[in-house]
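Okay, structure first, notes after.
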Amino acid sequence: MIKIENLSNRYGSIITANNVSCEFECSEVTVILGGSGSGKSTLLKQMAGLARPNSGRILFEGKEITCLSKKELYEVRKSMGMLFQGAALFNSLNVYDNLAFPLREHTKLSEKVIQTIIKMKLEMVGLRGSEHLMPSQLSGGMTKRVGLARAIIMDPKIVFYDEPTSGLDPISAGVIDKLILDLNRKLGVTSVVVSHDIESAFKIADKVIILFYGNIIASGTPDEIKSSPDAKICQFINGSPDGPIPFSHTDKDFMVDMRSQWK
Amino acid sequence: MISQSLVFVGHNFLSGIQSLGSGTLFILCALYNIVKPPFRFARIIKEVEFIGVKSFTIIFVTSLFTGMVLALQGYHTLSKFGSESLLGSAVALSIIRELGPVLCALMVSGRAGSAVTAEIGIMKITDQIPALEMMAVDPIEYIVSPKVLAFLISLPLLTAFFDLIGIFGGYLVGVKLLGVNEGAYFGEMLSATTFDDVFGGVVKSLAFGLIIGWISTFIGYTAKSTTEGVSSATTNTVVLASVAILITDYILTSILF
Ligand SMILES: Nc1ncnc2c1ncn2[C@@H]1O[C@H](COP(=O)(O)OP(=O)(O)OP(=O)(O)O)[C@@H](O)[C@H]1O
Ligand SMILES: [Mg+2]
C-alpha cells in the first residue's frame, strides 16, 4: 500500500533517514521500532505527506505522495487517520467537538448520528462519558486515547499511530493493542505503528522494522526478528546497555573525559 | 572579515526577500479564502470577539486620555493666540486623521496581534496544524483567514470608537475643565471636519488591520517549532507590526491628504 524508496532526510547535522527503503502491505500491522530521536515520527509524517523528505520517493497506492496536488492530497487524506505523538487535540474545543470536527467538515451527517458515532468510538477507547471535558482537563493517557478515537472517527483505510501506548497503564495499553488488532483483523485497516514497547510490538505486528539513527537495521516478521543472531538486534530487543549500539551520545571514554577536566 | 560581513548581509538580504515572497503568497491565499466558500461565520464571530470586543476597555482608556491630553496641550497653545474656540477642530482633526487609527492599531497589535501569533505558534508546536492537514482541512482557510478578516472588521470599528471617546475626552477637559464655549467646541469641529478626513481615517484603519492580521498570522505560522521560537515570534510580531504601521501611516498620509 505504501512503498518507500531510497528516502533520505536530515535536519542540519541530524540524519533522520539514510537511504531508507521499505514497504507497508495492505491490511497488515507494521510496527516501526527505534530509539528516541531516530526519526520515527518524522518518517510517519513524511508518509502522510505532512513533510517533504530531502530525497527519495514515497508511493501511496502507486502514486507519489510528494507530487500530488493539494486537492488530490486532501482526497487521499480522507482515507487516512493519524494519532500524533502528543495527540494534537484542538485545545479550544472539548472532547466532543474534537471528535465531531472531521465528521462536520466532510460529511453531512445529522448531529444525532454524529453523537452516536462519537459515543461508539469513545466506548472503544474506554472514555464514554468524557465528551464535555476540555483537553486541558485530560490526563496524558486520556489525551492519547481521545487522539486515537479522533484518528479512527472517519473509519480510515490506513491509520498511522505514533506511540499509541506510551504513557498508558498496562490495562489501557492492552486495550489499545487489542483495538489496533481488531481494527486490522475485522475491518482490514492497514496500520503503521511507531512504538518503543517491544513486547506489544511483537504481539500486534505482522512485520517489524527497526530503525536506528536513520538506518533500517532489521525488518521481518516478529519471529524472524526474535530469532535473529544479529548482535545489534539482540541488544535492541533485550534492551541491554552493552553491545554494538552505544548508549552514550559521544564515543569519548567517560574516564578520559573526566580526567582531562581535572588536569 | 569584510567578506564575512558581506556574506552575513547577503544571507540576511536573501532570506528577507524570500520570506517577503512567501509572506505575500501566504496573505494572498488567506484573502482568497475569505471570499471563497465555505464561510465560517462561527469562527469569524469568535475571532471578532477576541480581537475586537475584548479590546474595548483598553481602547476606551487610551482614547479618553489621548483626547484629554490633546485638549490640554491644544488649549495652552491656542490660548496664546486667543483662538481657544478652535480647540474642537484641533482635537477632532488630529484624532480622526492621525491618532485614532495609529494608536488604535498599535494597541491592538500589542494586545491581539501578539496573542494571535502565540496561539498559531503553539498550535504548530503541538502538531495541531499538521492534524488539521491530516483531516483534509486547509489550516490557512480554517485558522488564518477568519483571523485576518476579524482584524479587518474590528479595526475600523475600534477606530471609530476611539475617535468618539477621544473627542469626548477633549470635551471633558476643554469645555468642562478649561471653560471653552461648548457651542464653539462642537461648532468648529463640525465645520472643520470634512468627509475626506473621516474617509482617510477609515482607509488607514483598514490598512492597519490588514497589516496586523498579516504579520501576526504569518509570523506565528512560520515560527520555529520550539518554545523559544514561539516566544521570539510573539515579540517580533509586536515590533514588526508597530514599525510597519508607522511607516504605512506616513505613506498613506502623503497619498490621502
Ligand atoms: N521540524 C524539524 N526541524 C528540525 N529538526 C527536527 C524537526 N523534526 C524533527 N527534528 C529532529 O529530528 C530528529 C528525529 O525526530 P523524530 O521526532 O522523528 O524522532 P523520534 O524517533 O520520533 O523520537 P521519539 O521516540 O523521541 O519520539 C530529532 O533529533 C529532532 O530533533
Ligand atoms: Mg516520535
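The values are calculated or read from the model by the stated rules, or taken from the named source; none is laboratory data. Keep in mind it's a predicted model, so treat the numbers as computed, not measured. Ideal geometry is used to build each Cβ from the backbone, glycine not excepted, and the neighbour counts take in all protein chains shown. These accessible areas exclude ligands, DNA and RNA; they are computed on the full protein's heavy atoms, side chains included. Shrake-Rupley method; radii C 1.70, N 1.55, O 1.52, S 1.80 Å.
Beyond 28 Å in Cα-Cα separation lie the following of the pairs A:LYS78/B:LYS124; A:LYS45/A:LYS232; A:LYS3/B:LYS147; A:LYS252/B:LYS224; A:LYS45/A:LYS144: A:LYS3/B:LYS147; A:LYS252/B:LYS224. At an R0 of 45 angstrom, the distance between the Cβ atoms of B:THR57 and A:ASP182 translates into a FRET efficiency of 0.25. Take the Kirkwood radius over Cα pairs of segment B:41-256, plug it into Stokes-Einstein at 10 °C and 1.306 mPa s, and you get 87 µm²/s for translational diffusion. When the Gaussian network model of chain A links Cα atoms closer than 10 Å, the mean-square fluctuations of A:SER172, A:SER69, A:SER38 top out at A:SER69.
In the elastic network of chain A, a GNM with C-alpha springs shorter than 10 Å, the most mobile of A:ILE176, A:ILE225, A:ILE14 is A:ILE14.
Evaluate E = 1/(1 + (r/R0)^6) for A:TYR11 and A:GLN115, where r is the Cβ-Cβ distance and R0 equals 60 Å; express this FRET efficiency to the nearest 0.05.
Values: r = 43 Å, r/R0 = 0.71.
Efficiency computed from Cβ-Cβ geometry: 0.90.
Here the label points at B:PHE8 and B:ASN181, each 7 Å from Cα along the C-beta direction, are separated by 6.5 nm in the simple model. Here the protein assembly as shown is treated with +1 on each Lys and Arg Cβ and -1 on each Asp and Glu Cβ, and its dipole about the Cα centre works out to around 280 debye. Placing dummy labels 7 Å off each Cα toward the beta-carbon, the span from B:THR222 to A:ASP257 is 3.8 nm. Within chain A, antiparallel bridges make up roughly 50 percent of the DSSP beta bridges whose residues both belong there.
Which length gain, in nm to one decimal place, applies between A:ILE171 and A:SER92 when the Cα-Cα distance is subtracted from 0.36 nm times their residue separation? Provide the component values of the computation, followed by the final result.
Working: separation 79, 0.36 × 79 = 28.44 nm, distance 2.95 nm.
So the extension gain works out to 25.5 nm.
Under the combined filter of DSSP loop state and at most 16 neighbouring Cβ atoms within 10 Å, segment A:68-136 retains none of its GluC sites (Glu not before Pro). Here the 3J(HN,Hα) profile of segment B:5-21, calculated from phi with Karplus coefficients 6.51, -1.76 and 1.60 at θ = phi - 60°, is 5, 5, 4, 4, 4, x, 5, 5, 4, 4, 5, x, 4, 4, 6, 5, x Hz, Gly and Pro shown as x.
Taking label positions 7 Å along the Cα-Cβ direction at both A:GLU72 and A:SER55, the computed distance is 2.4 nm, reported to one decimal.
Please compute the Kirkwood hydrodynamic radius of the protein assembly as shown from all pairs of different C-alpha atoms, in Å with one decimal. Every distinct Cα pair counted, the radius reaches 26.9 Å. For B:GLN18 and B:ILE125, what is the calculated FRET efficiency with R₀ set at 22 Å and r taken between the beta-carbons, to the nearest 0.05? Plugging the Cβ-Cβ distance into 1/(1 + (r/R0)^6) gives 0.50.
If only the Cβ of Lys and Arg carry +1 and only the Cβ of Asp and Glu carry -1, the dipole of segment A:1-119 around its Cα centre is close to 300 debye. Given a 10 angstrom Cα cut-off, can you work out which residue in B:LEU240, B:LEU210, B:LEU155 is the most mobile in a GNM of chain B? Of B:LEU240, B:LEU210, B:LEU155, the Gaussian network model singles out B:LEU240 as fluctuating most.
Buried accessible surface for the B/A chain pair comes to about 1700 Å², total over both chains, computed with a 1.4 Å probe. Relative contact order, whole percent, for segment A:83-201 stands at 30, derived from Cα pairs under 8 Å and 6 or more residues apart. With all protein chains kept in place, the per residue accessible area of chain B amounts to 48 square angstrom at a probe of 1.4 angstrom. Hey, could you get me the Stokes-Einstein D for chain A, Kirkwood radius over alpha-carbon pairs, 10 °C and 1.306 mPa s, rounded to whole µm² s⁻¹? Value of D from the Cα-based Kirkwood radius: 80 µm²/s.
Between the listed residues B:MET135, A:PRO241, B:GLY88, the Cα displaced farthest toward the positive end of the dipole of the protein assembly as shown, a dipole computed from Cβ unit charges relative to the Cα centre, is found at B:MET135.
Considering helices alone, the calculated mean residue ellipticity of chain B at 222 nm is -26500 deg cm²/dmol, with DSSP H runs of length four and up weighted by -39500 (n - 2.57) and normalised per residue.
Output the antiparallel fraction of DSSP beta bridges having both residues in the protein assembly as shown, as a percent to the nearest 5.
Values: 19 of 38 bridges.
Of all bridge pairs located within the protein assembly as shown, approximately 50 percent are antiparallel.
Leaving out ligands and nucleic acids, and using a 1.4 Å probe, what accessible area per residue does segment A:86-155 come to in Å²? Present the calculation step by step, with values, prior to reporting the outcome.
Working: 3190 Å² over 70 residues.
Per-residue value: 46 Å².
For A:LEU83, the residues 5 or more places off, or on other chains, whose built amide H falls under 5 Å of its own are A:PHE160, A:TYR161, A:ASP162.
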